[in-house]
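Have a look at the structure below before the remarks.
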Amino acid sequence: MMKNRSKITIKGLNQERAINHLVKHVKIFNFKREDNNISHFEVEYKNRNKVKKMLDKHNIEIVALSNFGIVNFFTRLIKSYGVMIGLALSVALYAGQYNFILKIEVFGAKNGLSGEIMTFVDDLLSSKLKSQIDTLEVEKQVRDRYAQISSVSVAIIGQSLVINVNEVDVPEEMSGKFLPMVSEYDGRVNQIQLIQGTLAVNEGDIVKKGDVLVYPYIFDSQGNKIDTQPKADIYADVWLIGEEVHHDYTIQTQRTGAKAEINEVYLNNLLIYSSAKEKIFDNFEVECCTKPLTKNIVLPLNLKKITMYEVQTIEVKEDFSQVKSKIIENARQKALIFLQENEIIKEENVNVREGNGWHQVSYVITLQRNIGG
Amino acid sequence: MFNFFDEIKTKMKVKEDALYDYNIVNISGRLLYAEGHKGILLLSDKKVAFKIKKGQVEVCGSGLILAELNENVLFIQGKIERVETIS
């Protein structure tokens with residue numbers, strides 16, 4: 001295919017003389033004599049006309065001439081008028097349609113606005129011909145039509161009309177939707193600094209988490225209600241409570257230190273092997289973990305390791321007076337969990353409730369905290 | 001430029017005049033390379049004869065094709081039975 005040659009079949013006498021003359025100018029390939037007078041050979045495609053003339057001079061008749069190779073292929077293609085016309089038409093059609101916009105794309109719009117803009121621009125364009133589209137005019141029209149758009153840019157990219165929009169970021173005061181300020185903690189209000197809004201509480205009031213502190217509106221001099229963002233610094237005494245219960249008599253479970261391991265092999269969820277032999281401990285706790293033995297779905301084998309820890313129950317008798325300080329400290333630590341950074345503790349109190357064989361310790365930490373949002 | 005035949009002749013230390021006429025290489029009885037021919041005398045599928053400086057060479061066999069031919073070099077393909085130099 002890559003060799004560009006012409007195959008020539010000749011007929012005549014004294015072919016050797018003609019060949020000897022030919023080889024002085026061109027190279028000959030695959031010369032074969034079929035008959036006494038008929039032979040064929042190949043020459044390079046570019047030399048075919050020269051060879052034809054030389055053979056004519058020697059009165060050698062050219063019976064057949066055929067060409068092959070990639071150059072010949074393209075030459076035939078070019079002479080194939082139907083193909084060339086089709087190719088030319090395709091190129092012309094493509095070049096022609098490229099001058100038109102095929103689609104409109106909108107970026108940056110939310111909530112269905114992009115569809116609206118697309119329809120609006122589609123109706124706006126009198127022609128889809130690129131040269132007749134004024135992008136500046138389209139930008140102006142879109143900006144005027146949609147007040148919620150702060151900026152718009154229109155460009156023709158390829159065969160698309162690309163519209164980039166930025167929507168207006170409406171500040172809260174203009175959107176008219178405000179929520180009241182509510183308390184984040186339980187406490188007693190002891191300091192109020194109102195900035196904006198209408199107060200719902202006074203100093204000394206006890207509030208729970210979620211109670212309204214400041215309403216999101218004010219009344220002007222004419223008594224008209226105006227919505228506004230509530231703002232205030234409201235401080236309250238907040239109580240952090242930690243509790244701990246002590247029983248004089250308890251039964252506890254303790255590990256003895258003895259343990260045993262059992263291995264089980266599962267095929268999917270079917271137990272196919274277990275190393276457990278007999279009951280090992282009377283009382284025990286179990287920890288298990290499962291890991292896959294194979295990493296394929298054809299044979300999903302899993303290994304389950306069960307560790308049994310022997311346990312024993314013991315009776316614990318502890319009088320409250322012996323462990324009082326420890327219980328109080330535990331309760332205190334529980335209360336301190338809720339303490340935030342840089343907060344100052346105003347007061348700490350301990351309350352002990354007593355019952356039949358039990359004591360409940362409540363540790364209360366009082367501190368001042370801003371309870372507004 | 002390196003020439004295989006010149007190298008052999010130099011190595012064998014043979015008088016130059018006698019050995020610069022033609023060179024023939026017969027490869028496995030299937031391909032014959034010849035350089036230094038002075039023209040084709042006979043072409044057929046059983047015999048190919050070409051002139052050399054002082055005589056002619058005949059290549060006999062069957063299915064012979066001139067695979068390549070130019071002014072000085074020729075390749076003969078086919079079953080080569082005999083190569084004879086006639087002075």
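The values are calculated or read from the model by the stated rules, or taken from the named source; none is laboratory data. Because the structure is predicted, anything quoted here is derived from the model rather than measured. Cβ coordinates were reconstructed from backbone atoms using ideal geometry, including for glycine residues, and neighbour counts include every protein chain displayed. Accessible surface is based on the protein model in full, side chains and every heavy atom, while ligands, DNA and RNA are left aside. Shrake-Rupley method; radii C 1.70, N 1.55, O 1.52, S 1.80 Å.
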- What span do the alpha-carbon atoms of the range A:243-308 cover on each of the three principal axes, reported in whole Å from largest to smallest? 58, 34, 17
- Message: For chain A, set up a GNM with springs between Cα atoms under 10 Å and report which of A:Ile262, A:Ile163, A:Ile133 has the largest fluctuation.
- Response: A:Ile262
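Could you look at the protein assembly as shown and say what percent of its accessible area is carbon and sulfur, using a 1.4 Å probe and all protein chains?
For the protein assembly as shown, the apolar C and S fraction of the accessible surface comes to 51 percent.
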- Message: As a test of the definition: with a 1.4 Å probe, what buried accessible area, both sides summed, do you compute for A against B, in Å² to the nearest 100?
- Response: 1200
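What percent do you get for the relative contact order of chain A when only Cα pairs under 8 Å and 6+ apart count? If you can, show how the numbers build up before the last one.
Values: 675 pairs, mean separation 44.5, N = 373.
12 percent.
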- Task: Scan the range A:252-286 for chymotrypsin sites (Phe, Trp or Tyr not before Pro) in coil per DSSP, keeping those whose Cβ has at most 16 other Cβ atoms within 10 Å, and list them by number.
- Result: A:Phe281
- Note on the structure: One can check that the equivalent ellipsoid of chain A, built from the alpha-carbon gyration tensor with semi-axes equal to the square roots of five times its eigenvalues, has lengths in Å, largest first, of 95, 51, 15
- Volume of the Cα convex hull of the range A:176-234, divided per residue and given in Å³: 75
- Message: If the elastic network links every pair of Cα atoms under 10 Å, which of A:Ile241, A:Ile344, A:Ile19 fluctuates the most in the Gaussian network model of chain A?
- Response: A:Ile19
- Item | Cross-link partners of B:Lys47 among lysines (Cα-Cα below 25 Å; sequence separation of 8 or more within a chain) | A:Lys7, A:Lys11, A:Lys24, A:Lys27, A:Lys32, B:Lys38, B:Lys79
- When you have a sec, figure out the Kirkwood radius of the range A:263-373 from all distinct Cα pair distances and drop it here in Å to one decimal? 20.0
- Message: Among A:Ser114, A:Ser39, A:Ser151, which one shows the highest mean-square fluctuation when chain A is modelled as a Gaussian network with alpha-carbon springs under 10 Å?
- Response: A:Ser39
- Mind ranking A:Ser362, A:Ser274, A:Ser221 by accessible surface for me, highest first, 1.4 Å probe? A:Ser221, A:Ser274, A:Ser362
- Item | Exposure ranking of A:Leu89, B:Leu42 by accessible area [1.4 Å probe, largest first] | A:Leu89, B:Leu42
- Between 0 and 90°, nearest 10: helix A:320-336 axis offset from chain A longest Cα axis: 40
- Excluding residues on the same chain fewer than 8 positions from A:Lys208, give the lysines whose Cα lies under 22 Å from its Cα. A:Lys231, A:Lys334, A:Lys346
- Item | For the range A:288-336, the Rg and Dmax computed from alpha carbons only, in angstrom | 23.3, 65
- Query: In the range B:57-77, which residues give up 20 Å² or more of accessible area once the other protein chains are added, compared with their chain alone (1.4 Å probe)?
  - Reply: B:Ile65, B:Leu66, B:Ala67, B:Glu68, B:Leu69, B:Asn70, B:Glu71
- Query: On average, how much accessible surface per residue is there in the protein assembly as shown, in Å², for a 1.4 Å probe, leaving out ligands, DNA and RNA?
  - Reply: 65
- Item | Where the Cα pairs of chain B fall when distances are cut into 10 Å bins, in % | 17, 49, 28, 6
- Query: So what's the net charge close to B:Glu71: Lys and Arg +1, Asp and Glu -1, counting the other residues with Cβ under 12 Å from its Cβ?
  - Reply: +1
- Any trypsin sites (Lys or Arg not before Pro) in the range A:274-373 that lie in a DSSP loop and have at most 14 other Cβ atoms within 10 Å would be A:Lys277, A:Lys279, A:Lys295
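In the calculated pair distance distribution of the range A:172-299, what percentage of Cα-Cα distances lie above 19 Å? Each step should come with its number before you reach the end.
Numbers: 5821 of 8128 pairs.
Cα-Cα pairs in the range A:172-299 separated by more than 19 Å: 72 percent.
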- Task: Return one quarter of the surface area of the convex hull spanned by the alpha-carbon atoms of the range A:5-76, equal to its mean projected area, in nm².
- Result: 4.4
- Query: Once Rh for the range A:99-226 is found with the Kirkwood sum over Cα pairs, what is the Stokes-Einstein diffusion coefficient at 25 °C and 0.890 mPa s, in µm²/s?
  - Reply: 130
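Would you calculate the volume per residue, in Å³, of the smallest convex hull containing every Cα atom of the range A:103-167? Can you show the working numbers first?
Working: hull volume 4.7 nm³, N = 65.
Dividing the Cα hull volume of the range A:103-167 by its residue count gives 72 Å³.
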